[in-house]
1. Test B:THR30 against the stated conditions and say whether it is in a strand (DSSP E or B) and of a type in the set (Ser, Thr, Tyr).
2. Taking A:ALA123, is it crowded, with 17+ Cβ neighbours inside 10 Å and under 30 Å from B:GLY152 (Cα atoms)?
3. Could you count how many residues in the range B:166-190 are open to solvent by 50 Å² or more (accessible area, probe 1.4 Å), of a type in the set (Asp, Glu) and within 12 Å of chain A (Cβ to nearest Cβ)?
4. Take B:ALA273 and tell me if it is open to solvent by 20 Å² or more (accessible area, probe 1.4 Å), out of contact with any Asp or Glu (no Cβ under 8 Å at 6 or more places or on another chain), at positive phi and within 14 Å of chain A (Cβ to nearest Cβ).
5. Pick out the one residue from B:VAL238, B:VAL233 that is modelled with pLDDT of 95 or more and out of contact with any Phe, Trp or Tyr (no Cβ under 7 Å at 6 or more places or on another chain).
6. For B:THR109, are the conditions met, namely being in contact with a His (Cβ under 6 Å, 6 or more places away or on another chain), more than 9 Å from every other protein chain (Cβ to nearest Cβ) and modelled with pLDDT of 95 or more?
7. Taking the conditions exactly as written (crowded, with 20+ Cβ neighbours inside 10 Å, under 14 Å from A:ALA293 (Cα atoms), outside the structural domain of A:PHE178 (by TED's automatic domain parsing) and not aliphatic (A, V, I, L, M)), does A:GLY63 satisfy them or not?
There are 2 protein chains.
Amino acid sequence: MSGTSPVYGGIEAGGTKWVCAVADAGGRITDTEVIPTTTPAATLDGAVRFLRRHEPLAAIGVGSFGPIDLRPGSPTYGHITSTPKPGWADTDIVSPLRAALGVPVQVDTDVNAAALGEWRRGAAAGLTTFAYMTVGTGIGVGALVNGRPVHGLLHPEFGHIRVPRDAVRDPFTGSCPFHGDCLEGLASGEAMRRRWGRPAEHLDDPWAWELEADYLALAVLTLTYALSPERVVVGGGVAGRPSLLPAVRAKVLGLAAGYPATPALTDPAATAAYVVGPSLGGRSGITGAVELARDLAPNAGSPGAAVVDDARGSAPRA
Amino acid sequence: MSGTSPVYGGIEAGGTKWVCAVADAGGRITDTEVIPTTTPAATLDGAVRFLRRHEPLAAIGVGSFGPIDLRPGSPTYGHITSTPKPGWADTDIVSPLRAALGVPVQVDTDVNAAALGEWRRGAAAGLTTFAYMTVGTGIGVGALVNGRPVHGLLHPEFGHIRVPRDAVRDPFTGSCPFHGDCLEGLASGEAMRRRWGRPAEHLDDPWAWELEADYLALAVLTLTYALSPERVVVGGGVAGRPSLLPAVRAKVLGLAAGYPATPALTDPAATAAYVVGPSLGGRSGITGAVELARDLAPNAGSPGAAVVDDARGSAPRA
């Protein structure tokens, strides 16, 4: 790469499509391609072909659907593990990219990547502890705590928390193949499609959206009490409906019932700044995937160190 | 202090009693005193009198009931804020100690202090991301993520998450003055006393403990999906009943239903190492309070840095 500016590759590896991108040294995306998610071999091959057109690359970042092994040094690092998605269980998505392109690859969950994107260039800029929740076909949460992504045992699987369901108000028993009426089983796009017989984008019944706001408010409040984020960014296709977040905020205030007495949970104006949509729209994830690659650059130090430095100093302020 | 080894003060500031301690340079507790929690002035005065007997002190750490302001640099840092405890709302517990004793004071929540204690000297040694849940008069969670305590917006208030309640199995509508049937309102010692008319230590009805295990399993699973801890340490007086944790573990396995397919959630032997009691028994909190003081020592660097160094190198291994 001598004499040329480094090029970073990013992949937002989703269950229905992979968004591939390349970006310049500053993280500005210069080209993208969308590949349908078919078999692992064909999908990875499509991503490699796109990225090869932009060689030499400096590094690749991947935000992937999961569950995925993120433990550094694990023999199955970067393997999608127990997904119900046909053909994808126990699939290594890191080694094939590294082998084909000869550059370092860093992977995180799709939602942690989206959180990173919103943090570096979006609605979470300047914060150190926050959560990004996506409400689309499924529900997931990515989180940074003290400026670093949450991994731990595996990674958060927040879509699968149990929430109260009043069987009289909502007799639908849920769409989750594992848990039935967990949060994702009640409030994801798939749950809405199964409950109402139509996809969310074709639903206008106010009661359907009232119920959706109920569940998402429970989700935001549980996130608040569990993680104490400074802000909750709610993205994804279902959450994009303009009337939804205002309803969620009002219900969060009602559920919190003034406890604890912090403005985000007591003052509607503060709640409006606490529960927000993403600044990057549908590009949070691919932006974060590119940032995962940029964190691997030699002058970025360790990814954790780069992240912490950013939190303290150079992150753009909202 | 020239020529003498530093002495650290610790206070576990609870709603019914304050446990005060002093410890040597290595963190070994050498003297303790228990003071009943009465008015702020009288309680603080009792703590100061105990600590004065051990001067010169190097620093003081406090693990306090809350909600409490933990934001560094905040004008109300170390103030208990919106507690319903009579006389204690908007009480500054840091400045009086600092003024009376002339040494730096660091405060965290009682449960974050207990988590720190179990991490440095107990059941969470060697981990970087884990949760400590206390089930006593109330329910609270302290957590370290990537080796640092979780504060964020305020601090976790995990006792107040909503969990499903089947009104046929459990018609008790909860004891929480804010939320009724939140987790604390259903499963704390106070909730058990109100539901059954007797304190938990005098309850032997198997059904009472079956229900308690149900709620605590929901709590552990929600923690798992929200925070992805490598271990959940469950302490507190109610959780000390020997038959309880085995029942909770079995129910966690049932609720997780194999998702995600990680041993802690699928293999009973791994679950037994994942959901554990505290190693320090009732001393987790005061041990952690002393550690908060030791983190203020000049050679400990910043508290955060000391904690991270410990996580990577010198923490005792379990």
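The values are calculated or read from the model by the stated rules, or taken from the named source; none is laboratory data. Computed from a prediction, not measured in an experiment: that's the story for all the values here. Cβ placement follows ideal geometry from the backbone for every residue including glycine, while neighbour counts extend to all protein chains displayed. Just so you know, the surface numbers come from the protein's heavy atoms only, side chains and all, with ligands and any DNA or RNA stripped out. Shrake-Rupley method; radii C 1.70, N 1.55, O 1.52, S 1.80 Å.
1. On the way: in a strand (DSSP E or B): yes; of a type in the set (Ser, Thr, Tyr): yes.
In short, yes.
2. On the way: crowded, with 17+ Cβ neighbours inside 10 Å: yes; under 30 Å from B:GLY152 (Cα atoms): yes.
In short, yes.
3. Step one: filter the range B:166-190 for residues open to solvent by 50 Å² or more (accessible area, probe 1.4 Å), giving B:166-169, B:171, B:173, B:177-178, B:190.
Of the ones still in play, those that are also of a type in the set (Asp, Glu) are B:166, B:190.
From the residues that got through so far, the ones that are within 12 Å of chain A (Cβ to nearest Cβ) too are B:166.
Within the range B:166-190, residues that are open to solvent by 50 Å² or more (accessible area, probe 1.4 Å), of a type in the set (Asp, Glu) and within 12 Å of chain A (Cβ to nearest Cβ) number 1.
4. no
5. B:VAL238
6. Judged against the criteria, B:THR109 is a match.
7. yes
Residues checked against (1) away from chain B (no Cβ under 12 Å); (2) touching a strand residue (DSSP E or B) at 6+ places or on another chain (Cβ under 6 Å); (3) on the phi > 0 side of the Ramachandran plot:
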{"position": "A:SER228", "(1), (2), (3)": "no, no, yes"}
{"position": "A:VAL232", "(1), (2), (3)": "no, yes, no"}
{"position": "A:ALA239", "(1), (2), (3)": "yes, yes, no"}
{"position": "A:PRO242", "(1), (2), (3)": "yes, no, no"}
{"position": "A:PRO246", "(1), (2), (3)": "yes, no, no"}
{"position": "A:ALA257", "(1), (2), (3)": "no, no, yes"}
{"position": "A:PRO263", "(1), (2), (3)": "no, no, no"}
